[in-house]
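In what follows, a structure is listed as structure tokens, so that the remarks can point back to it.
The values are calculated or read from the model by the stated rules, or taken from the named source; none is laboratory data. Since the model is a prediction, treat every value here as computed from it, not as a measurement. Note that we place each Cβ from the backbone using ideal geometry, even for glycine, and neighbour counts take in every protein chain shown. Note: areas computed on protein heavy atoms with side chains; ligands, DNA, RNA excluded. Shrake-Rupley method; radii C 1.70, N 1.55, O 1.52, S 1.80 Å.
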Amino acid sequence: MYIGNAEFVLSSLIESTMLRRNYITFIDIDDTVFKTSTDVLVKDEDGKIVKQLNSFDYNNYILRPGEYFDYSQFRNSEAFANTAKPMPSTLHKINRLLNIVRLKQGVDKIIFLTARADMDDKQLFLSTFRKAGIPVDNEDIIYIERAGNIKNMPTPEAKAYIIKKYLNTNRFNVVRMIDDSANNLDSFLDLKDDYPELKFIAIQVTPNGNLRGYR
């Protein structure tokens, strides 16, 4: 009974602290919220497939001379809807964050920050989130940003560029990122020098789907 009471008090203190601060949370999608099986193709100048990259490999791949990315699978909403499986640990974390966001009446914000560009069927893409219980239609608290729409910029840099857009509003004093890619998280933490007044929290999703503090 004592342990239960202690956990309740600790939980209440944590929630009270969160309510006094303004949080923005950036959450990757592929292999973070959903386990997916669509690939980005790497092709040479003759159009031949050189490699097929999952989301993790894509985040870390550097094009060689003459190579280019083919996003046809990565933009296929039907393939995403048919293969995306929610990752329980991240979904549980999102639900906890949503409870806080609702309590604070939209002061906090959740941004899903994907390496993908625009999908070929927006509503089909969003339906996968709705099925998982994520209220993506409420843009006051949730928004999806697509780093793949920023041309000629590696994913970690593109994500950092988008994050800075929100931090420059001066609305938030705590910024959190949840991602499976160490490169993306490193790029995120590098922003600390530009925003010394903000608290940065990095959380990595491991290959087995667990969440752990990063660095």
In vacuo Debye scattering of region 77-172, one point per C-alpha: log10 I(q)/I(0) at q = 0.14, 0.17 Å⁻¹?
-> -0.60, -0.89
Just the accessible area for Lys192, please: 1.4 Å probe, Å², rounded to the nearest 10?
-> 100 Å²
Are there trypsin sites (Lys or Arg not before Pro) in region 33-64 that DSSP puts in a loop and that have at most 15 other Cβ atoms within 10 Å, and which ones?
-> Lys48
Applying 1/(1 + (r/R0)^6) with R0 = 25 Å to the Cβ-Cβ distance of Leu191 and Tyr143, what FRET efficiency is obtained, to the nearest 0.05?
-> 0.85
For the chain, longest principal axis from Cα atoms; helix 88-103 axis from its Cα atoms; angle between them, nearest 10 degrees, is 50 degrees
Label-point separation (nm) for Phe200 and Lys164, each offset 7 Å from Cα along Cα-to-Cβ?
-> 1.3 nm
Could you provide, to the nearest whole Å², the per residue accessible area of the chain with probe 1.4 Å?
-> 53 Å²
Using alpha carbons only, how many degrees (0 to 90, rounded to 10) separate the axis of helix 2-19 from the longest principal axis of the chain?
-> 70 degrees
Relative to the present Cα-Cα distance, how much length would full extension add between Ser37 and Asp120 at 0.36 nm per residue of separation?
-> 28.2 nm
State the label only: which of (1) 40, 18, 16; (2) 32, 19, 16; (3) 46, 24, 13 corresponds to semi-axes √(5λ) of the Cα gyration tensor in Å computed from the shown model?
-> (2)
A 1.4 Å probe over the protein heavy atoms gives the chain a carbon and sulfur accessible-area percentage of 50 percent
MRE, 222 nm, helices only [DSSP H, n ≥ 4, -39500 (n - 2.57), over the chain, to nearest 500] | -11000 deg cm²/dmol
Whats the longest run of the chain with zero GluC sites (Glu not before Pro) that are DSSP loop and have at most 12 other Cβ atoms within 10 Å?
-> 46-138
